[in-house]
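To start, the structure itself, in structure tokens.
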Amino acid sequence: MTDYKSLMIEAQEARKKSYSPYSHFCVGAALLTKSGKVYTGCNIENAAYTPTNCAERTAIFKAVSEGEREFEAIAIVGGRANEKGGFCAPCGVCRQVICEFCEKDFKIVLGDEEQLKVYTLSELLPFSFSKNDL
Ligand code: THU
């Protein structure tokens with residue numbers, strides 16, 4: 001059984017590195033590969049706003065750029081800088097990026113280490129457009 005609690009704790013650690021001087025909303029993510037490696041990410045904001053990268057995409061791009069292609073699960077945690085992170089659903093862009101690399105049963109773990117909610121990609125992105133449609 002996948003240890004989602006440990007994955008969430010890694011996401012919480014990654015959240016501490018969030019660069020979010022504009023929104024003050026800090027997000028962390030921990031992406032588990034099928035081979036058992038974990039890649040973490042945080043949100044990275046920008047003065048021009050639109051170049052901002054979400055925590056989930058930071059983790060995915062780090063992993064893909066290292067040659068990883070097969071993923072099991074991602075834990076995501078978010079919240080205002082002065083608060084403990086908690087439930088933070090991935091934005092639509094991140095759902096689409098996850099969809100590029102992950103199967104329909106890929107697990108998306110939300111909440112915090114005490115209360116985890118586990119969703120599948122197909123639950124969070126039904127009727128998706130993917131490479132199978134091209
Ligand atoms: N953010 C993420 O990192 N992931 C999400 O799925 C939701 C939003 C970040 C982007 C921005 O830096 C801040 O949260 C507020 O939107």
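The values are calculated or read from the model by the stated rules, or taken from the named source; none is laboratory data. Bear in mind that the values here come from a model prediction, so they are computed numbers and not experimental data. Remember, those area values only see protein heavy atoms, side chains included, never the ligands or the DNA or RNA. Shrake-Rupley method; radii C 1.70, N 1.55, O 1.52, S 1.80 Å.
Here are a few things to note about the model shown:
- 5 angstrom amide H check on Thr40, placed H, neighbours 5+ away: Leu31
- Using distinct alpha-carbon pairs, which all enter the 1/r mean, Kirkwood radius of the range 86-130 in Å: 10.9 Å
- Per residue, the average separation of C-alpha pairs within less than 8 Å and at least 6 apart gives the chain a relative contact order of 22 percent.
- The count of lysine pairs in the chain that are at least 8 places apart or cross chains, and whose C-alpha atoms lie under 18 Å apart, stands at 19.
- Stokes-Einstein, applied to the Kirkwood radius of the range 2-97 over Cα pairs at a viscosity of 1.567 mPa s and 4 °C, places its translational diffusion at 99 µm² s⁻¹.
- Per residue, the chain exposes 56 Å² of solvent-accessible protein surface, assessed with a 1.4 angstrom probe and all protein chains in place.
- Accessible surface of the range 85-134, 1.4 Å probe, proportion on carbon and sulfur as whole %: 54 percent
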